[in-house]
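Inspection log for the structure reproduced underneath, given as structure tokens.
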Amino acid sequence: MRTTLRTPRTSRTPRAAKAITTLAALGALTLAGCGGADSTDPGPGGPPSRSAGGEGVTLPSLKGQKIQVAAVWTGPEQENFTKVLKEFEKRTGATVTFVPAQDPIVNFLGTKIAGGSPPDVAMLPQVGAIQQAAAQKWIKPVGPEAKAQLAAHYSQGWRDLGAVDGTQYGVYFKAANKSLIWYNNAAFENAGASEPKTWKEFLSTAETISASGVTPVSVGGADGWTLTDWFENIYLSQAGPAKYDQLAKHEIKWTDASVTKALTTLGELFGKPNLIAGGADGALQTEFPASVTQTFSGGDQPKGAMVFEGDFVSVNIAQTSAKIGTDAKVFPFPAVGDGAQPPVVTGGDAAVALKDTKGAQALLTFLASPDAAAIWAKAGGFLSPNKSLDPAAYPNDVQREIAKALIAAGDDFRFDMSDQMPQSFGGTPGKGEWKALQDFLKNPKNVAGTQARLEADAAKAYKN
């Protein structure tokens, strides 16, 4: 998943301002114990269950039916999603199989469709992927039961993200706040460092930690999507929401002065190998999960003291001995530029039906309900755009506050830029924006060359 909270639109509403305020307080939070409620459904064909935040969704009996669900999730994400699918099996009698998909998933699905064996449902991590799949007529419109769940539990903004030309195709099940920096508290304390609020303070904090003998920043550069998130947060805070929207739609070129400024700013970090764990070469060989675990392993002498990414980082932290709220803490991505607001960028994964069957539509209905969201919320590493989900379902105060801020933002948000773009440019390993920014990490002085390459690749992708 690429899978991020939101930035306010140009005219910020009180709800959006509240969301920013809530996020700004995250660094001071410590965690409480687990919360949430388990399903009490009696089994297939029985009455609907009640779970945190919902009155229970009614599902049909699907005894004997087989359903395949494809997603790019692996490890803990796959395990937690499987718990959701197991509950669906319990309630309906269907047999659901998880199909591991490769990135980019649209190419994977194209191969399956060409071979005559598409899965029933797929989880798409990009808005652009939904648009592409709809244009190819691969996916089916959402049925009335799922639509009813969306109308009851989702803001218009999230419904619009899953629609193409007014037709609802996607159900956004999993969201992500991609504007957070997690840090090793012991490393900070030993260095005498404090949580920065601006980009200038962030760089100063990094230098302070470096002087203490610990490399300050861990970067998962082997996964190009993490680098697009670095760029997007800087660009959103520095250039503002209007420019962000224009660049996302390629209404301005990647050679624009605003992109020059953002890449130059990012180069202030990438251009100092001593601030990055393993330097540029090491970062380019570090996959995202390792960038997290190496930050929270080794006590007060980790390979990196800070790691940038979304709320889902908590899943990877859980694979170490660090405890969130004491050993591992978090602060919002710093504001970039004088008078700028901290950026808030969101991503998400949407369920789409590739077969117009009773089983596929029933699964979309379940995934649109608070019942399904509560299952993964309890497991952690998950954020739901479902406004009816009881925050008590989340396992700790940090995740509760992130979730509350997401819902409080309403429709005042910005979605991950690369996920809005054609997948060939914004979502393909080794190509387009991912590859250009990996090369930029290696040579951050080449701002103009990076811009020219980004523009050439974007122009080709948008034309196609």
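The values are calculated or read from the model by the stated rules, or taken from the named source; none is laboratory data. Just so it is clear, the structure is predicted and the values come from calculations on it, not from any experiment. Using ideal geometry, Cβ is built from the backbone for each residue, glycine included, and neighbour counts are taken over all protein chains shown. To get the accessible areas, we keep the full protein, side chains included, count just its heavy atoms, and leave off ligands, DNA and RNA. Shrake-Rupley method; radii C 1.70, N 1.55, O 1.52, S 1.80 Å.
Computed quantities for the displayed model
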| item | result |
| --- | --- |
| Exposure of Lys253 as accessible area (Å², to 10), given a probe of 1.4 Å and all protein chains | 120 Å² |
| Modelled FRET efficiency - R0 30 Å, Phe98 with Glu201, Cβ distances, 0.05 increments | 0.10 |
| Percentage relative contact order, the stretch 186-317, counting C-alpha pairs under 8 Å, at least six apart | 36 percent |
| Percent accessible area from carbon and sulfur atoms, the chain, protein chains only, probe 1.4 Å | 50 percent |
| Prolate/oblate/rounded call for the stretch 295-368, Cα gyration tensor, a/c under 1.5 rounded | oblate |
| Accessible surface, per residue, of the stretch 260-399 when the full set of protein chains is kept, probe 1.4 Å, Å² | 30 Å² |
| Charge dipole of the stretch 297-403 about the Cα centre (unit charges at C-beta), most positive-ward option of Pro370, Gln301, Tyr394 | Pro370 |
| Highest average packing first - 327-338, 174-185, Cβ atoms within 10 Å | 174-185, 327-338 |
| The chain, dipole about Cα centre (Lys/Arg Cβ +1, Asp/Glu Cβ -1), debye to the nearest 20 | 820 debye |
| Distance (nanometres) between label positions extended 7 Å along Cα→Cβ at Thr111 and Lys137 | 2.5 nm |
| Percent antiparallel among DSSP beta bridges (both partners in the chain, rounded to 5) | 60 percent |
| Straight-distance crosslink candidates among aspartates and glutamates, where the alpha carbon sits under 13 Å from Lys112 and sequence neighbours closer than 8 are dropped | Asp120 |
| The stretch 312-464, dipole about Cα centre (Lys/Arg Cβ +1, Asp/Glu Cβ -1), debye to the nearest 20 | 400 debye |
| Gain in span if fully extended, Thr260 to Thr74, counting 0.36 nm per residue against the direct Cα distance | 63.4 nm |
| Theoretical gain in end-to-end length, Asp411 to Lys460 [0.36 nm per residue, Cα-Cα removed] | 14.5 nm |
| Among Leu85, Leu227, Ala191 the positive-end extreme of the charge dipole of the chain (Cβ point charges) | Leu85 |
| Of Lys174/Lys378; Lys435/Lys463; Lys90/Lys323; Lys137/Lys178, pairs whose Cα-Cα distance is over 24 Å | Lys90/Lys323; Lys137/Lys178 |
| Cα gyration tensor shape for the stretch 312-408, rounded if a/c is under 1.5, else prolate or oblate | prolate |
| Per residue value of the accessible surface for the stretch 68-121 (all protein chains in place, 1.4 Å probe), Å² | 39 Å² |
